[in-house]
Amino acid sequence: MESSIARHLVCPRTRTRRIDDDYAPLYPAWSARTAETVSQVVMGYFGVQSANEGGNPRADAAFNDMRSLFDGADGPNHVDYARFVDGAGAYHRLAIVYWSAPEAFDRWQARRDVTGWWQSDDRLKDGVGYFREVLKPRIEQFETAYSTPDHLEGVGVVMGGMSDVIQEHGYWGSMRDRIPLSQTDAMSPSGALARQKPSEGRIVVSGHKNVAVIRSGQDWTDTADEERRVYLDEIEPTLRAGMEFLRDQGQAIGCYSNRYVEITDAEGRPIDKSFGVSHWRSLADMERWAESHPTHLKIFMTFVELAQNVPSLRLYHEVSVLDAAAQTYEYINCHPGTGLMHNA
């Protein structure tokens, strides 16, 4: 058993963990690993929004145009696709993209075809909405956790490696303890979201220090028969209820935005995976919801009671705490409740 914090990121602690050194978790978990030369990654959420689910050729064409930009020089190292309906009933196609080096992302974003497409006045005229939410956490600002060692998801795919069994999991506070920066920093928030309108139809939101973002996923592709029934009929509805609470009422407890999405193939056909992605005012706000709010406690207890009946279910998450300058949120022709717009 080893620490979730990679050896080259360990430093003398000025803040304590929530566990003793001899703590032994009741079940195994793993963290993604990457080369010591990797100092920062890029996580991007690029979306197309339309009023109606299905039957919208303009939205599908717009999404295909957008995802074609990921091809070519300096394109992302990994892309996931997803779809979801938000609290206002708007339908979204989503691309989740990862780079293992911010320099490559910067070169990609500066490509003439990328800047030309995004800045074109056509984005304001083609009858759909667009957004891009880009996060650039330093390696000491994020953590990952996986319930199995044989399948990486999300940022783990671009990191490329896996730890041995880790110690910091299975207790409240383990998420914070897995973030290398937690050794010396409380990661408290400061500042506020700020909204700008550079032109008609375009909104830019600036993040503040230590906004926290979590992607938490479920993979039931290997389940069958009774396992699948237990997950879809008994576990998933409780998870969905918690995700919808955060989407619709999360602002009051520090959740800026929450989306519960189905992962799809590139053509939009769903596969047996999902995840929730949410932005929080702080890691502490996220922790309070996880440790004490009835909606999350119900999710937690449902998994505790039933997870042994679904041994083929894979779970994972990635959590980042971000510098203000490492966040970019831009919305074009989106309704006012999209993403972080309604918080700024």
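Throughout, read-outs are computed from the coordinates displayed, never taken from laboratory work. These numbers come from a predicted model, not from an experiment. Cβ sites come from the backbone with ideal geometry, for glycine too, and all protein chains shown count toward neighbours.
Karplus-based coupling profile of region 311-316, in residue order and whole Hz: x, 8, 6, 9, 10, 7, with θ = phi - 60° in 6.51 cos²θ - 1.76 cosθ + 1.60 and x standing for Gly or Pro.
Magnitude of the charge dipole for region 200-344, about its Cα centre and with charges confined to Cβ atoms of Lys, Arg (+1) and Asp, Glu (-1), is about 540 debye. Straight-line cross-link reach from residue 125 at under 21 Å between alpha-carbon atoms covers these lysines, not counting any fewer than eight positions away in the same chain: 197.
Qualifying GluC sites (Glu not before Pro) in region 103-153, where qualification requires a DSSP coil assignment and no more than 10 other C-beta atoms within 10 Å, are lacking entirely. Between residue 308 and residue 122, the contour length at 0.36 nm per residue exceeds the Cα-Cα span by 61.8 nm. Debye-formula intensities of region 198-242, expressed as log10 I(q)/I(0) at q = 0.14, 0.24 Å⁻¹, are -0.61, -0.92 (one equal scatterer per alpha-carbon, no solvent).
Structure remark: mean-square fluctuation, Gaussian network model of the chain, C-alpha springs under 10 Å; the largest value among 308, 196, 249 belongs to 308.
Build a GNM of the chain with springs between Cα atoms under 10 Å apart, and of 73, 284, 101 the one that fluctuates most is 73. Taking a virtual spin label 7 Å from the Cα of residue 185 along the C-beta vector, which residues in region 199-215 bring their backbone nitrogen under 16 Å of it? Zone members listed by number: 207-213. Taking semi-axes √(5λ) of the Cα gyration tensor in Å as the quantity of interest, determine which of [x] 31, 24, 20; [y] 40, 34, 17; [z] 41, 24, 16 was computed from the displayed structure. Correct label, based on the coordinates given: [x].
Set against the 2.2 N^0.38 Å expectation for a compact globular protein, region 210-270 has a Cα radius of gyration ratio of 1.35. Take residue 23, project a point 7 Å from its Cα along the Cβ direction, then tell me which residues of region 256-286 have their backbone nitrogen under 17 Å from it. Label zone hits: 284. For region 40-46, putting each phi into the Karplus relation 6.51 cos²θ - 1.76 cosθ + 1.60 with θ = phi - 60° gives couplings of 7, 10, 10, 10, x, 10, 10 Hz, in residue order, rounded to whole numbers and with x for Gly and Pro. Comparing 266, 192, 35 in a Gaussian network model of the chain (Cα springs below 10 Å), the most mobile by mean-square fluctuation is 35. Helix-derived [θ] at 222 nm for the chain: sum -39500 (n - 2.57) over DSSP H runs of at least 4, divide by residue count, nearest 500? Result for the chain, helices only: -7000 deg cm²/dmol.
Take the Cβ atoms of residue 8 and residue 106, set R0 to 22 Å, and the FRET efficiency comes out at 0.35.
Computed from Cα positions, the angle between helix 236-249 and the longest principal axis of the chain comes to roughly 60 degrees. Working note: Debye formula, equal point scatterers on the alpha-carbon atoms of region 226-344, no solvent; log10 I(q)/I(0) at q = 0.14 Å⁻¹ is -0.71.
Neighbour counting of Cβ atoms within 10 Å sorts the residues 342, 296, 279, fewest neighbours leading, into 342, 296, 279.
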